[in-house]
């Protein structure tokens, strides 16, 4: 990485106001980004593309502020006529702590039960929670990438309980624009604080450069990535980190293993 690239990176980092450190086991985030760029081949096209992706990259860590906004939207949408059940997205087994749990907890602190007919927060929904009612189910998550986890969750709710998709509302911090239509098929409404475009497609269009994908793929060849994570899980092309970097994000930013062995300087590692 030459001096000019270093100056550009400094400018991006300053404007984005990113934290000094992203992960406790890693060093200064700016230094990690500089090391990441330095690990690339000495090719201006690849370095410039990586800088462009970093410029588009989003880091969402202020969960309190986002959850406050979500709570406000829920309060505006529903009233004393409504029975609400608020629940984070869950896998079928439902035993692991998921990213939506932290958002859901803060939303709970910001909603006044007196503003609704009933308001219940659950980690899992049981038959007795419905109590003969047809409540609105508020599903909370931090990030929706492909939407597959939510779709499975929604189908399970509609199979196990007398609920339709019209009962289900989704609130999240960020969602990928490319998958929103598929998510919408399984709920009444989805509300995202931020809607993100697939980053490679966005850059290819804005720069009118059809070679963007080939350039990116040549960078990804440096990293040890399983096939279903090429360009991010299911080719989502996300460029985002929250409390944890989702696997939908381009793996050059989170995979710590170099192809053939050794460490890859991933600036936003996923553990």
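Within region 218-228, if we keep just the residues that are touching a residue at least 40 places away in the same chain (Cβ under 8 Å) and assigned to a helix (DSSP H, G or I), the residue that is surrounded by the fewest Cβ atoms within 10 Å (Cβ to Cβ) turns out to be 218. Of all residues in region 1-16, none are touching a strand residue (DSSP E or B) at 6+ places or on another chain (Cβ under 8 Å), outside any helix (DSSP H, G or I) and crowded, with 18+ Cβ neighbours inside 10 Å.
Does residue 97 satisfy being surrounded by fewer than 17 Cβ atoms within 10 Å (Cβ to Cβ) and either closer than 21 Å to residue 243 by Cβ or modelled with pLDDT of 95 or more (or both)? So residue 97 passes the test. Here residue 171 clears all of (1) surrounded by fewer than 21 Cβ atoms within 10 Å (Cβ to Cβ); (2) in contact (Cβ under 8 Å) with a residue 60 or more places away in the chain except the condition numbered (1).
Is it true that residue 252 is within 19 Å of residue 197 (Cβ to Cβ) and either assigned to a helix (DSSP H, G or I) or not assigned by TED's automatic domain parsing to the domain that holds residue 34 (or both)? When the stated conditions are applied, residue 252 passes them.
Taking the criterion of being closer than 19 Å to residue 249 by Cβ and in a helix (DSSP H, G or I), the residues of region 38-64 that qualify are 46, 49, 50, 51, 52, 53, 54, 55, 56, 63. Restricted to region 229-271, and to residues there that are modelled with pLDDT under 95 and in contact with a helix residue (DSSP H, G or I) (Cβ under 7 Å, 6 or more places away or on another chain), the residue that is surrounded by the most Cβ atoms within 10 Å (Cβ to Cβ) is 244. State whether the residues of region 28-45 include one that is surrounded by fewer than 15 Cβ atoms within 10 Å (Cβ to Cβ), without any contact (Cβ under 8 Å) to a residue 12 or more places away in the chain and in the same structural domain as residue 124 (by TED's automatic domain parsing). No: zero hits. Residue-level check: of (1) outside any helix (DSSP H, G or I); (2) under 30 Å from residue 19 (Cβ atoms); (3) over 17 Å from the mean Cα position of the chain (by Cα); (4) at pLDDT 90 or above, residue 108 misses just (1).
The values are calculated or read from the model by the stated rules, or taken from the named source; none is laboratory data. All figures in this text were calculated on a predicted structure; none of them were measured in a lab. Positions of Cβ are backbone-derived with ideal geometry, glycine not excepted, and every protein chain shown enters the neighbour counts.
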